[in-house]
Amino acid sequence: MVISHPQTLTLQPIENGAPSDDVRAFRRTLGQFATGITVITTNTGEKLTGMTANSFTAVSLDPPLVLWSIRKESGSLAAFLESGHFSINILAENQNTVSEIFGRPRDEQFSQVEWIPGKFGAPLFPGSIAHLECETHEVIDAGDHHILIGRVDNYARFEGKPLLFSQGQFGVPTAFLESPQPAPAAGDPRLDLDNEQTIFMSLLKAANQQMSQLFQEHRHQVGVTVATGRVLNQLTVRADNVEDLGRVAFLGENTVEDALIELAGQNLVAPQAEGKWAITAPGLEVQAALRRSAAEFNAQQLRDIPVEDLAAAQRVLRTLINREFNSESENK
Ligand SMILES: Cc1cc2nc3c(=O)[nH]c(=O)nc-3n(C[C@H](O)[C@H](O)[C@H](O)COP(=O)(O)O)c2cc1C
């Protein structure tokens, strides 16, 4: 039996072909697979090495083996081959800065993060949701990468949610909403629990999910992707380079580059000196049109809600948002 849903059934690929025809398109296709993010560290004597990697995969429980792959051209390869051990830090949802620090070569990486030495001396980052301390079990030559298989000597799991990476975007996990329960009958003791506060939180989540979905469809209709939309938006603020655009827009650098190539092809952005990119005059017009269309989308969604209800909803949402900031600062 074939189960299909009219909205999700897409027979026409966005792009396809042999990987050698278009390497960027091939990489985007691989990016359809969602992963977490790790920073893998090692030490050779006093010298510390670390790099962001999303190629991490669990392999075997007995013996306990994991793997990841490292580019042969990576400046970090020699250290990982020499040391014979590595530590895997599985990043938490609020550690995107750590991912960024170790996501490209730069100086003084370890002075920018808090770390402690693990069993073999390789740095472990407090705040990660798991640590796996490994001895290098096998190194496999695989195309332009080496696969490093590690035998896990020691692990630790911590409270928290993972930082995610998929389709070139950094993200945080959202669980499916629970299916709605049938309303309890009058006199049922569960009726007390199902009070307005718990219903309110469920409604808030459902409304958020519904609006995000609708906005995604809207964006698709006006011919903008998350990446092209965010890059264009950022460039209206100031000319920027790929690295900084990725950081502010929570996008991987390859994705930013793909977006810039697409936008440059439409003459909406143009390269500047020192690796920076700027929005063009036609780009500013398109951006203004996109803003207007987003405002129309908003107006359409809120069209039949009385003004006083909207004002009340905004007050409630602002209170909840401020409460979160307050309780965060109270905990510090
Ligand atoms: C989200 C993300 C995932 C990455 N995954 C890998 C990976 O699995 N393997 C790899 O070799 N490089 C990966 N990189 C790139 C390395 O982090 C980057 O090349 C390295 O930090 C730069 O130092 P190097 O010159 O020592 O390679 C990734 C980068 C990012 C931002």
query: Of the conditions (1) open to solvent by 50 Å² or more (accessible area, probe 1.4 Å); (2) farther than 17 Å from G252 by Cβ; (3) in the same structural domain as S69 (by TED's automatic domain parsing), P19 fails just one. Which one is it?
result: (3)
query: Which of the residues that make up region 120-135 are in contact with a His (Cβ under 6 Å, 6 or more places away or on another chain) and of a type outside the set (A, V, I, L, M)?
result: F120, E135
- prompt: Just checking, how many residues over region 120-138 are more than 25 Å from the chain's Cα centre (by Cα) and loosely packed, with under 14 Cβ neighbours inside 10 Å?
  reply: 1
task: Any residue in region 142-153 that's free of Cβ contacts under 8 Å to residues at least 12 places away in the same chain: show its pairings with residues that are among the small types (G, A, S) and loosely packed, with under 15 Cβ neighbours inside 10 Å at Cβ separation under 7 Å, as long as the two are six or more apart or on different chains.
output: none
field: Positions within region 57-96 being open to solvent by 70 Å² or more (accessible area, probe 1.4 Å) and either assigned to a strand (DSSP E or B) or touching a residue at least 12 places away in the same chain (Cβ under 8 Å) (or both), in sequence order
entry: A58, V59, R71, K72, E73, G75, L81, E82, E93, N94
message: Taking the criterion of being assigned to a helix (DSSP H, G or I), under 13 Å from L148 (Cβ atoms), open to solvent by less than 20 Å² (accessible area, probe 1.4 Å) and within 11 Å of the ligand (Cβ to nearest atom), would at least one residue in region 101-113 satisfy it?
response: no
- request: Test F215 against the stated conditions and say whether it is surrounded by 15 or more Cβ atoms within 10 Å (Cβ to Cβ) and closer than 30 Å to S179 by Cα.
  value: no
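Conditions tested, residue by residue: (1) of a type in the set (S, T, N, Q); (2) surrounded by fewer than 15 Cβ atoms within 10 Å (Cβ to Cβ); (3) within 29 Å of M211 (Cα to Cα); (4) in the same structural domain as F102 (by TED's automatic domain parsing).
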| site | (1), (2), (3), (4) |
| --- | --- |
| V242 | no, no, no, no |
| E253 | no, no, yes, no |
| G275 | no, yes, no, no |
| A295 | no, yes, yes, no |
| D309 | no, yes, yes, no |
| R315 | no, yes, yes, no |
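The values are calculated or read from the model by the stated rules, or taken from the named source; none is laboratory data. Model, not experiment: these values are computed from the prediction. All Cβ positions, even for glycine, are placed from backbone atoms using ideal geometry, and neighbour counts span all protein chains on display. Heavy atoms of the whole protein, side chains included, go into the accessibility calculation; ligands, DNA and RNA do not. Shrake-Rupley method; radii C 1.70, N 1.55, O 1.52, S 1.80 Å.
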